[in-house]
Amino acid sequence: MAGLTDSRQTGARFQDYANFVFGVVLFIAPWAMQYTGHEMATRVAWIGGLAVAILSLAAIIKFAEWEEWVNLLVGIGVFISPLVFGFTHVMAAVAAHYVLGLLIVIAAASELWAAHHPQERMM
């Protein structure tokens with residue numbers, strides 16, 4: 001595992017930038033999708049979006065595998081939050097959390113996959 005940071009090519013992967021965008025979109029979703037009236041859904045969006053955006057910025061600056069693992073966990077948390085925190089009746093929030101949570105999970109998982117399965121270089 002120590003070599004994972006070294007094996008990554010210089011520069012951030014597109015997944016880091018994608019997750020940054022997903023984090024920002026999740027953060028502004030309560031206003032954009034007009035569910036700020038539901039306090040728990042709004043808090044989850046703000047906290048989850050902020051966490052994903054900050055972790056993604058950190059990965060853009062300097063990759064560390066743990067950042068992707070935490071983003072993966074945050075994405076799963078965002079995805080299941082309507083069920084866990086009981087806001088399944090707020091359809092706009094459910095849609096935002098399901099879609100963005102799934103996108104965050106996919107981006108983080110693909111980044112982890114790429115870190116563990118670097119492509120063979122053609123010489």
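The values are calculated or read from the model by the stated rules, or taken from the named source; none is laboratory data. As the structure is a prediction and not an experimental result, all values here were calculated from the model. Cβ sites come from the backbone with ideal geometry, for glycine too, and all protein chains shown count toward neighbours.
Mind checking which residues of the stretch 43-60 are modelled with pLDDT of 95 or more and either farther than 28 Å from A115 by Cα or surrounded by 18 or more Cβ atoms within 10 Å (Cβ to Cβ) (or both)?
Those that are modelled with pLDDT of 95 or more and either farther than 28 Å from A115 by Cα or surrounded by 18 or more Cβ atoms within 10 Å (Cβ to Cβ) (or both): R43, V44, A45, W46, G48, G49, A51, V52, A53.
Please work out if F63 is of a type in the set (A, V, I, L, M, F, W, C), at pLDDT below 95 and in contact with a Lys or Arg (Cβ under 8 Å, 6 or more places away or on another chain).
yes
Tally the residues that are under 16 Å from W31 (Cβ atoms) and either outside any helix (DSSP H, G or I) or within 9 Å of the chain's Cα centre (by Cα) (or both), restricting the search to the stretch 88-107.
Residues in the stretch 88-107 being under 16 Å from W31 (Cβ atoms) and either outside any helix (DSSP H, G or I) or within 9 Å of the chain's Cα centre (by Cα) (or both): 2 in total.
Go through (1) out of contact with any Leu (no Cβ under 8 Å at 6 or more places or on another chain); (2) surrounded by 15 or more Cβ atoms within 10 Å (Cβ to Cβ) for P118 and report which single condition fails.
With respect to (1) out of contact with any Leu (no Cβ under 8 Å at 6 or more places or on another chain); (2) surrounded by 15 or more Cβ atoms within 10 Å (Cβ to Cβ), P118 is out only on (2).
Report, by residue number, each residue of the stretch 68-87 that is closer than 17 Å to Y35 by Cα and under 11 Å from the mean Cα position of the chain (by Cα).
V78, F79
Among the residues that make up the stretch 64-83, is at least one of them outside any helix (DSSP H, G or I), touching a residue at least 12 places away in the same chain (Cβ under 8 Å) and not charged (D, E, K, R)?
yes
Is it the case, given these coordinates, that V24 is closer than 24 Å to H117 by Cα, of a type outside the set (S, T, Y), surrounded by 15 or more Cβ atoms within 10 Å (Cβ to Cβ) and at pLDDT 95 or above?
Judged against the criteria, V24 is not a match.
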